[in-house]
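Beneath this line is the structure, given in structure tokens, with notes to follow.
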Amino acid sequence: MKTYVYVDAFNLYYGAVKGTPYKWLDLQSLCRVMIPKNTVTCIKYFTARVQPRADDPDQPTRQLFYLRALQTIPNLRIIFGHYLSHVVWMPLAFPVTGQKPFVQVVKTEEKGSDVNLATHLLTDAFDDAFECAVIVSGDSDLRAPIRVVLDRFHKTVGVLNPQKVPCKALQSTARFYKHIHEPALQASQFPPVLTDKTGSFHKPASW
């Protein structure tokens, strides 16, 4: 079955790979593990470029190496949104008597990726680009575009959820639904050293 895969990078990272040794994730290999009977002809990776932080100035460099690794996958496209950071007041989880119950924090949000994913999913369905779409995300906001692809375009849509907690909205809507578990991540890593048209490069040392 001709399949397009749509990857919500933010959801995948924070749901499945942050704090693990599996950040060097080969998405093509992950597809082979998770949906072995599907013929994946296109993978679309929706992300945003991170900015250096005072506590982690090398974060953008690591991301660039990972994006470079992804670009060694012939049928993969990277679609960029953007990050927005601003200072907001947030309530303390455990306020102390006599002290202010709120604190200022820097809040960083990814903007555009979920909308970009939904837009590509719908336009590709309209163009009859696939027989099956697979969404790598646990974001319940994607239920509406998935429903349109199912009901109006009569395509098969599946979900690979990277989150620890099931998403009932997607589980009840998609034609098939699977969780991405640790063995699948472990079996789907790039080699430590990769080569592209520029030369050889390594998996980030801290990964």
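Quick note: the coordinates plus some simple rules give every number you see, no bench work behind them. Remember, predicted model here, so these are calculated numbers, not experimental data. Glycine also receives a Cβ, built like all others from the backbone with ideal geometry; neighbour counts cover every protein chain displayed.
Assigning unit charges at the beta carbon (Lys, Arg +1; Asp, Glu -1) and nothing else, what dipole magnitude in debye, to the nearest 20, does the range 1-77 show about its Cα centre? It works out to roughly 300 debye.
Close amide-amide hydrogen proximity is noted between Ile79 and Tyr45, Phe46, Thr47, each under 5 Å apart and 5 or more residues distant or on a separate chain (H modeled in the peptide plane; Pro and chain starts excluded).
Mean residue ellipticity, 222 nm, helices only, the chain: the sum of -39500 (n - 2.57) across DSSP H runs of n ≥ 4, divided by residue count and rounded to 500, is -7500 deg cm²/dmol. Give me the net charge of Leu185's neighbourhood, meaning all other residues with Cβ under 15 Å from the Cβ of Leu185; Lys, Arg count +1, Asp, Glu -1. With Lys, Arg at +1 and Asp, Glu at -1, the neighbours total +4. Given +1 at the Cβ of Lys and Arg, -1 at the Cβ of Asp and Glu and no other charges, the dipole of the chain around its Cα centre is 200 debye to the nearest 20.
Between the amide H of Val159 and those of Ile135, Phe176, Tyr177, Lys178, distances stay under 5 Å, these residues lying 5 or more places away or on another chain, with hydrogens modeled in the peptide plane.
For the pair the range 141-170 and the range 19-62, the centres of their Cα atoms are 20 angstrom apart. Tyr45 sits among other residues whose Cβ lies under 10 Å from its own Cβ, and their net charge, with Lys and Arg +1 and Asp and Glu -1, is +1. Computed packing ranks the peptides 12-23, 195-206 as 12-23, 195-206, most packed first, by mean other Cβ atoms within 10 Å.
When the Cα positions of Val33, Pro204, Phe94 are compared along the charge dipole of the chain, Val33 comes out farthest toward the positive end, with charges on each C-beta of Lys, Arg, Asp and Glu.
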